[in-house]
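The values are calculated or read from the model by the stated rules, or taken from the named source; none is laboratory data. What you see is a predicted model; the values in this text were computed from it and never measured. Note that each Cβ is placed from the backbone with ideal geometry, even for glycine, and that neighbours are counted across all protein chains shown. With ligands, DNA and RNA removed, areas are computed over all heavy atoms of the protein, side chains included. Shrake-Rupley method; radii C 1.70, N 1.55, O 1.52, S 1.80 Å.
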Amino acid sequence: MQCEEKTIRAADGYQLYTQSFEPENPVAALVIFHGYGEHIDRYRHVVAHYYEKGYACYLLDHRGHGRSQGRRGHVMQWREYLDDAECFWNEIVAPKWENGPVWLLGHSMGGLIAASYVLDKKPVLKGLILSSPFFGLKAKVNIAKLIAGQIMSRIVPTLSLKTDIEPALLTHQQEFVREYEEDPHVHKVANARWFTETLKTQEHCLKDASLLETPNLLVVQGGDDQIVDPSVSRAFYDRVAVEDKKFILYEGFYHEVLNETDRERVFVDLDAWLDERV
């Protein structure tokens, strides 16, 4: 499985790390947006699965993540992620797939980026797949902490704060949990402005979900997700006006459904969805 690594320059000068995997005579393309604090190498098993099925796969380390430049978990405006995605799309994906079938798969924060990217930038897609998208936290944020975060976003927006993500709640697969904990490219910080920008984007996606333009939508969600709220994922899905859509809830699964102990169930469902539409 040949990997082409390339660094592209974002609109504001940041160097963004990308990977491309292109089998001979690919049947379609799969673009993958990773989640908060992680990076694209954690999706190598997903790439391997779809590479064998004839999909070209394209991945981007978001700014402040993995091998891309930027302070860890740091943005001043959410559109920085969208501008980066647009740069990645125009430079890496579109030249080879301008008229071909391209699916966009976003996990967690990557799902929020993917949804807002489709809403605001309107890329030409064959379909959108969201994995436990980060439309709302499962744990309710303490009101005092919420107010403090909003104040800090205004007066000290670059202040880095530790997040409360518990690795053991990502998946029941202990091998993935251990790798996550030991991974030098995983971080657990975000700046104060990231917090408020994320909240605004979540509100935007839920409010404007009916305006989402994509031929089809698939949402796969862990039923026992302790990080994002499954009911908010469902609320977004219900508001999307696309006729060809499906929501699959995996009872007992934690947040990373593609890394769960019974993840083959998810791959079977994803394969069936894609095979019917390629």
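Numerical summary
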| item | result |
| --- | --- |
| Output for the stretch 60-77, where each listed residue is part of a loop (DSSP other than H, G, I, E, B), open to solvent by less than 20 Å² (accessible area, probe 1.4 Å) and not β-branched (Val, Ile, Thr) | 61, 62, 63, 64, 65, 66, 68, 73 |
| Residue that is surrounded by the most Cβ atoms within 10 Å (Cβ to Cβ) [pool: residues in the stretch 21-54 that are aliphatic (A, V, I, L, M) and assigned to a helix (DSSP H, G or I)] | 40 |
| Test: residue 126 is over 23 Å from residue 195 (Cβ atoms) and surrounded by fewer than 18 Cβ atoms within 10 Å (Cβ to Cβ) | no |
| Residue check for residue 210: small (Gly, Ala, Ser), at pLDDT 95 or above and closer than 22 Å to residue 32 by Cβ | no |
| Unique residue being free of Cβ contacts under 8 Å to residues at least 60 places away in the same chain, open to solvent by 40 Å² or more (accessible area, probe 1.4 Å) and either more than 19 Å from residue 115 (Cβ to Cβ) or out of contact with any Lys or Arg (no Cβ under 9 Å at 6 or more places or on another chain) (or both) when the list is 177, 268, 240 | 268 |
| Residue ID - surrounded by the most Cβ atoms within 10 Å (Cβ to Cβ), chosen from residues in the stretch 243-265 that are in contact with a Lys or Arg (Cβ under 9 Å, 6 or more places away or on another chain) and among the acidic types (Asp, Glu) | 256 |
| Filter result for residue 86 (modelled with pLDDT of 95 or more, farther than 27 Å from residue 245 by Cβ and open to solvent by 10 Å² or more (accessible area, probe 1.4 Å)) | no |
| Which numbered condition residue 155 fails, given (1) within 25 Å of residue 227 (Cα to Cα); (2) modelled with pLDDT under 95 | (1) |
| Test: residue in the stretch 203-210 that is touching a residue at least 12 places away in the same chain (Cβ under 8 Å) and basic (Lys, Arg) | no |
